[in-house]
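The next block holds one structure in the form of structure tokens; read it before the comments.
The values are calculated or read from the model by the stated rules, or taken from the named source; none is laboratory data. Only a predicted model underlies this, so the values are computations on that prediction, with no experimental measurement involved. Cβ sites come from the backbone with ideal geometry, for glycine too, and all protein chains shown count toward neighbours. The protein model used for the area step is the full one, side chains on, heavy atoms only, and it has no ligands, DNA or RNA in it. Shrake-Rupley method; radii C 1.70, N 1.55, O 1.52, S 1.80 Å.
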Amino acid sequence: MSEKDCGHHEDEQRKLHRRLLTALLAFIIVILFIVLLVWLILRPTKPRFVLQDATVYAFNLSSPNSLTSNLQVTLSSRNPNGRIGIYYDKLDVYATYRSQQITLPTLLPPTYQGHKDVTVWSPFLYGNAVPVAPYLADSLSQDQMAGTVLVHIKVYGRVRWKVGTFISGRYRLYVNCPAYIGFGSKNNGFAVGPVIKFQLVQGCNVDV
């Protein structure tokens, strides 16, 4: 084979490689465009969380600056989407006071939530003798004397969206639910045996 024939053959191979690469890129772009189009048409809406109630088993500040808080909360989540399902792959629930975490995270079981479905969880949150900063201990004492303590129930995890047979990648989910716990004359809970239950029905802030 002459040098001219070899050069012509190499040119043909390069052209074929370019065509294959162009076709592959075009196919990927079309698939991504279809996925984006379906996504925009369906317009997924983030789930709606509500803190239904909180049962207080212990909420005691002891010396030196240690807080014991044992709670059971009831959280509900509603999927408002009519054509999109939600996979809750990992959800940790914990309580905070003035931005400091006061309980250990409780892991919720993985859950799939269908169209317009509602899911309810009732996790226990435990924080035994958790050290708090002196200024937080002072603030907590003042809040208890005033009759109301604001605790935030937070959920942190990852979710995936399901559209038909397509399942998206993982997205971070962050939920923040305020819970007002009454003390003394402002205690608006009711006794259930040795514990106090507060009916809250409080909407939560959700960020996905």
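Go through region 175-191 residue by residue and tally those that are open to solvent by less than 70 Å² (accessible area, probe 1.4 Å) and either touching a Phe, Trp or Tyr at 6+ places or on another chain (Cβ under 6 Å) or of a type outside the set (Gly, Ala, Ser) (or both).
The first filter runs over region 175-191 and keeps only residues open to solvent by less than 70 Å² (accessible area, probe 1.4 Å), leaving 175-179, 181-184, 187, 189.
Those still in the list that are either touching a Phe, Trp or Tyr at 6+ places or on another chain (Cβ under 6 Å) or of a type outside the set (Gly, Ala, Ser) (or both) too: 175-178, 181, 183, 187, 189.
Residues flagged as open to solvent by less than 70 Å² (accessible area, probe 1.4 Å) and either touching a Phe, Trp or Tyr at 6+ places or on another chain (Cβ under 6 Å) or of a type outside the set (Gly, Ala, Ser) (or both) within region 175-191 amount to 8.
Checking Arg158 against (1) open to solvent by 80 Å² or more (accessible area, probe 1.4 Å); (2) at pLDDT below 90; (3) part of a strand (DSSP E or B); (4) in contact with a Phe, Trp or Tyr (Cβ under 8 Å, 6 or more places away or on another chain), only one condition comes out false. Which one?
All conditions pass for Arg158, except number (2).
Of everything in region 21-54, what is under 17 Å from Arg78 (Cβ atoms), open to solvent by less than 90 Å² (accessible area, probe 1.4 Å) and at pLDDT 85 or above? Give them in sequence order.
Thr45, Pro47, Phe49, Val50, Leu51, Gln52, Asp53
Please go through region 104-129 and give me each residue that is surrounded by fewer than 18 Cβ atoms within 10 Å (Cβ to Cβ) and in contact (Cβ under 8 Å) with a residue 60 or more places away in the chain, ordered by number.
Once the filter is applied, which keeps residues that are surrounded by fewer than 18 Cβ atoms within 10 Å (Cβ to Cβ) and in contact (Cβ under 8 Å) with a residue 60 or more places away in the chain, region 104-129 yields Val120, Asn128, Ala129.
When you scan region 164-174, do you find a residue that is open to solvent by less than 60 Å² (accessible area, probe 1.4 Å) and either touching an Asp or Glu at 6+ places or on another chain (Cβ under 7 Å) or within 21 Å of Gln72 (Cβ to Cβ) (or both), even just one? It would help to see each step written out before you state the result.
Taking region 164-174 first, the residues open to solvent by less than 60 Å² (accessible area, probe 1.4 Å) are 164, 168-169, 173.
Then drop every residue that is not either touching an Asp or Glu at 6+ places or on another chain (Cβ under 7 Å) or within 21 Å of Gln72 (Cβ to Cβ) (or both), which leaves none.
Within region 164-174, none of the residues are open to solvent by less than 60 Å² (accessible area, probe 1.4 Å) and either touching an Asp or Glu at 6+ places or on another chain (Cβ under 7 Å) or within 21 Å of Gln72 (Cβ to Cβ) (or both).
Go through Tyr97, Tyr126, Tyr112, Tyr87 for me and flag whichever is among the aromatic types (Phe, Trp, Tyr) and within 13 Å of the chain's Cα centre (by Cα). Don't jump to the end; show me each part of the working.
Details: Tyr97 fails: within 13 Å of the chain's Cα centre (by Cα); Tyr126 fails: within 13 Å of the chain's Cα centre (by Cα); Tyr112 fails: within 13 Å of the chain's Cα centre (by Cα).
One residue alone meets the criteria, Tyr87.
Residues being open to solvent by less than 40 Å² (accessible area, probe 1.4 Å) and out of contact with any Phe, Trp or Tyr (no Cβ under 8 Å at 6 or more places or on another chain): count how many of those fall in region 69-88.
Total satisfying the criteria: 4.
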